[in-house]
Amino acid sequence: SQTIHQWPATLVQPVGSPLSLECTVEGTSNPNLYWYRQAAGRGLQLLFYSVGIGQISSEVPQNLSASRPQDRQFILSSKKLLLSDSGFYLCAWSGGSWGEKLFFGSGTQLSVL
Amino acid sequence: AQSVTQLDSQVPVFEEAPVELRCNYSSSVSVYLFWYVQYPNQGLQLLLKYLSGSTLVKGINGFEAEFNKSQTSFHLRKPSVHISDTAEYFCAVPGGTNAGKSTFGDGTTLTVKP
């Protein structure tokens, strides 16, 4: 069966520090991978998605970047965190067929202080 | 273009009472509709989905939803809620072959009180 791992679960970082959140998927190959951010009391905002190794699409301009160095690994990074980067970050994967559901990781609560 | 509107941001109910979480959609293409649930400090998981066929869809944990094309709605219901149903619920229209481009509603927080 497929599983998705996301870590760390919580992270407190000072403003201006770097960020690296990692997500890995097991039990499937060539998944579509996604990073979402969920601000407190709000819905989900798609940040990045990837349909293959080295292929990254950004949905919104921001202080963050994403990379996919391996088929089932997706990394969210920042060189210098801003206060506005605080939020709940979710990694997800899906297949490539029409109307498929998303499988979500357990999320990372990021607090930038 | 497609959009999803969840009409209630907060729904407080007492344990064992019925509940309905409302969702309206607009879509210019064939409609698939999903409900996801997010328990505190966790990711989302699929509760149920409508793809085609019967308009009454049954999901996990005793939830069901009814697709109503004329009213462009996909309301989520449960006849008797438990404390453990306390969570945030999201209605979504999938994003074609790119599921990550699903359109999500803003979510409804269901709080079940003893």
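The values are calculated or read from the model by the stated rules, or taken from the named source; none is laboratory data. What you are looking at is a predicted structure, and each value in this text was computed from that prediction instead of being measured. All Cβ positions, glycine included, derive from the backbone under ideal geometry; neighbour counts span all protein chains shown. The area values use the complete protein model at the heavy-atom level, side chains included, leaving out ligands, DNA and RNA. Shrake-Rupley method; radii C 1.70, N 1.55, O 1.52, S 1.80 Å.
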Subset of the stretch B:60-95 (residues that are of a type in the set (Gly, Ala, Ser), over 15 Å from residue B:25 (Cα atoms) and in contact with a Ser or Thr (Cβ under 9 Å, 6 or more places away or on another chain)): B:62, B:87
Please specify each residue of the stretch B:72-100 satisfying the condition of being among the aliphatic types (A, V, I, L, M) and closer than 25 Å to residue B:16 by Cβ. B:76, B:81, B:83, B:87
Can you give me the number of residues within the stretch A:71-88 that are assigned to a strand (DSSP E or B) and modelled with pLDDT of 95 or more? 6
Test residue A:102 against the criterion of being buried (at least 22 other Cβ atoms within 10 Å of the Cβ) and more than 12 Å from the chain's Cα centre (by Cα), and give yes or no. yes
Residue A:53: passes all of (1) β-branched (Val, Ile, Thr); (2) surrounded by fewer than 15 Cβ atoms within 10 Å (Cβ to Cβ); (3) over 14 Å from the mean Cα position of the chain (by Cα); (4) within 14 Å of chain B (Cβ to nearest Cβ) but (4)
Please determine, by comparing only the residues of the stretch B:1-50 that are touching a Cys at 6+ places or on another chain (Cβ under 9 Å) and outside any strand (DSSP E or B), which one is farthest from residue A:37 (Cα to Cα). B:22
If you scan the stretch B:75-114, which residues turn out to be farther than 19 Å from residue B:51 by Cβ and facing chain A (nearest Cβ under 10 Å)? B:88, B:106, B:107, B:109
How many of the residues in the stretch B:71-100 are surrounded by fewer than 18 Cβ atoms within 10 Å (Cβ to Cβ) and part of a loop (DSSP other than H, G, I, E, B)? 8
Residue within the stretch B:48-68 that is crowded, with 17+ Cβ neighbours inside 10 Å and within 22 Å of residue A:107 (Cα to Cα) present: yes
Taking the options B:49, B:69, name whichever one is out of contact with any strand residue (DSSP E or B) (no Cβ under 9 Å at 6 or more places or on another chain) and free of Cβ contacts under 8 Å to residues at least 40 places away in the same chain. B:69
Residue list for the stretch B:1-47, restricted to those being of a type outside the set (S, T, N, Q), open to solvent by less than 80 Å² (accessible area, probe 1.4 Å), more than 17 Å from residue B:99 (Cα to Cα) and touching a Leu at 6+ places or on another chain (Cβ under 6 Å): B:11, B:21
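When the stretch A:96-113 is examined, which residues are found to be assigned to a loop (DSSP other than H, G, I, E, B) and in contact with a strand residue (DSSP E or B) (Cβ under 7 Å, 6 or more places away or on another chain)?
A:96, A:100, A:101, A:102, A:105, A:106, A:107, A:113
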So residue A:16 clears everything in (1) on the phi > 0 side of the Ramachandran plot; (2) assigned to a helix (DSSP H, G or I) except one condition, right? Which one? (2)
